[in-house]
Amino acid sequence: LSPEELRDGAFDIHWFFEAYEKLGEENFKLLYDAAKYSSSGTAHGRARKYADAALGNTRYEALVQEIREKRNKDLLMSLGLLPLPQDRAEKDKILFERYRFIQEFKKESRASEGRAAELALRNLSANAGFSDVTRLVLRMEAHLAGESRALFEGDVLEDGTKIRLFVDEDGKSSIVCEKGGKTL
């Protein structure tokens, strides 16, 4: 990671676990407790949040609630560091849930929070084993498209009217109503 990425909130989860294994739990606890004396500003607070998330000492629900209530960027960036299950289907489900939450945060964000959302996705992609954020985004957007498929196929109402979404070649969306094979 570049110094700028580290300063902004990126986290090297692989290096963290390599260092954690070398230190051992007892020595890591000593380092964790001494962090506030060895770093400037609030960097120790961020480091502790990241370590707590990566080690699974933070509950997802509590983290999401605090992010929503306080719009805490450090907690948002730590969200992607929470442990993921080994089961592929369960992992995909949880990845998608976290991805959607980060994207929702980004959509509602102020300018200063946009970078935090980008780094949260970067941290999530690294934790999930993707080589870069783009691969995570493409996979998650494919899930979103799959969820939206039914909207494009439409629903038929009691009177036989079919309602569906339509997106033209220019990307403009509209609601289409059809009855008896004719567009209303």
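The values are calculated or read from the model by the stated rules, or taken from the named source; none is laboratory data. The structure presented is a predicted model; accordingly, all values stated were derived computationally and were not measured. Counting neighbours? That spans all protein chains shown, and the Cβs are built from the backbone with ideal geometry, glycine included. When the accessible area is computed, the model is the full protein with side chains, heavy atoms only, and any ligands, DNA or RNA have been set aside. Shrake-Rupley method; radii C 1.70, N 1.55, O 1.52, S 1.80 Å.
Each of HIS143, HIS14 has its accessible area taken with a 1.4 Å probe; listed largest first, they run HIS14, HIS143.
So, counting K/R as plus one and D/E as minus one, what does the shell of residues with Cβ under 15 Å around HIS14 add up to? My count for the surroundings of HIS14 gives -3.
On a per residue basis, the chain carries 64 Å² of accessible surface, using protein heavy atoms and a 1.4 Å probe. When nucleic acids and ligands are ignored and a 1.4 Å probe is applied, ASP132 ends up with an accessible area of around 60 Å².
Estimated purely from DSSP H runs of n ≥ 4, each contributing -39500 (n - 2.57), the mean residue ellipticity at 222 nm for the chain is -21500 deg cm²/dmol once divided by its residues.
Selection among TYR99, HIS143, GLY154 by position relative to the dipole of the chain gives TYR99 as farthest towards the positive end (Cβ unit charges, Cα centre). Net charge in the neighbourhood of LYS93 (other residues with Cβ under 13 Å of its Cβ; Lys, Arg +1, Asp, Glu -1) is 0. Taking PHE166, PHE17, PHE101 in turn, the Gaussian network model of the chain (Cα-Cα springs below 10 Å) assigns the largest fluctuation to PHE166. Set the bar at 20 Å for Cα to Cα. Now go through LYS29/LYS91; LYS106/LYS172; LYS70/LYS107; LYS29/LYS49 and name every pair that lies beyond it. Pairs exceeding the cut-off: LYS29/LYS91; LYS106/LYS172. Within the straight-line cut-off of under 18 Å between alpha carbons, the aspartates and glutamates reachable from LYS162 are GLU153, GLU178, sequence neighbours fewer than 8 places apart in one chain being disregarded. Seen against the Cα atoms of the chain and their longest principal axis, helix 13-38 is set at about 60 degrees. For the stretch 85-142, the dipole from Cβ point charges (+1 on Lys and Arg, -1 on Asp and Glu) about the Cα centre works out to 80 debye, to the nearest 20. Overall, the stretch 52-178 carries a charge dipole of about 620 debye about its Cα centre when +1 sits on the Cβ of Lys and Arg and -1 on the Cβ of Asp and Glu, all other atoms neutral.
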